[in-house]
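Worksheet for the structure shown next.
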Amino acid sequence: MKINIETTVNAPITDVWDAWVTPNDITNWNFATDEWQCPKADINFEVGGKFKYRMEAKDGSVGFDFGGVFTKITPNKSIHYRLEDNRIVTIDFNETPAGVRVVESFEAENENAAEQQKQGWQSILNNFKKHVERKN
């Protein structure tokens, strides 16, 4: 099952793109709620390169690594990657008069309900939007 989420970021495409692939930016937006954090983001941003983001509760009670391998990169347009569990994720960046429309598609996993996954990923994408717009 494929899930799609999206937002429109009021910022130039280069700022949106850079915030998606820069470790210092990633650690500032890559979490779903204020109770969580992303203390570390390692990224080798090239086709065949790996990434690993540490996501954990601020109280230290739970955490996990989120990682994968980049399979296709079209600068300022799209990023494709394969997660460690072989699910495929694509992110498309489209310039519009209102800003950059970011559309993220991912294959659902089997542990959590699809709606819960959609809400969690959408919350992270909303944090991304806030982070980029705050920087501009």
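At the residue level, residue 40 shows approximately 110 square angstrom of accessible surface with a 1.4 angstrom probe and all protein chains present. Pairs 77/130; 40/130; 2/77; 2/72; 50/72: which exceed 22 Å Cα-Cα? Too far apart for the 22 Å limit: no listed pair. Residues 1, 55 ordered from highest to lowest accessible area at a 1.4 Å probe: 1, 55. Using a probe of 1.4 Å on the protein chains alone, the accessible area found for residue 92 is around 60 Å². Normalised per residue, the accessible area of the range 1-48 is 53 Å², obtained with a 1.4 Å probe and no contribution from ligands, DNA or RNA. Here the Karplus relation 6.51 cos²θ - 1.76 cosθ + 1.60, evaluated at θ = phi - 60°, turns the backbone of the range 49-62 into coupling constants of x, 9, 9, 8, 10, 8, 10, 7, 5, 4, 7, x, 6, 7 Hz, with x for every Gly and Pro.
Using heavy atoms of the protein chains and a probe of 1.4 Å, the accessible area assigned to residue 74 is about 50 Å².
Of the options (1) 103; (2) 115; (3) 95, only one is volume of the Cα convex hull per residue in Å³ as computed from these coordinates, and that is (1).
Note on residue 59/residue 87: beta-carbon distance plugged into 1/(1 + (r/R0)^6) with R0 of 22 Å gives a FRET efficiency of 0.20.
The values are calculated or read from the model by the stated rules, or taken from the named source; none is laboratory data. As the structure is a prediction and not an experimental result, all values here were calculated from the model. Note that each Cβ is placed from the backbone with ideal geometry, even for glycine, and that neighbours are counted across all protein chains shown. Side chains are part of the model used for accessible areas, which takes the heavy atoms of the whole protein and leaves out ligands, DNA and RNA. Shrake-Rupley method; radii C 1.70, N 1.55, O 1.52, S 1.80 Å.
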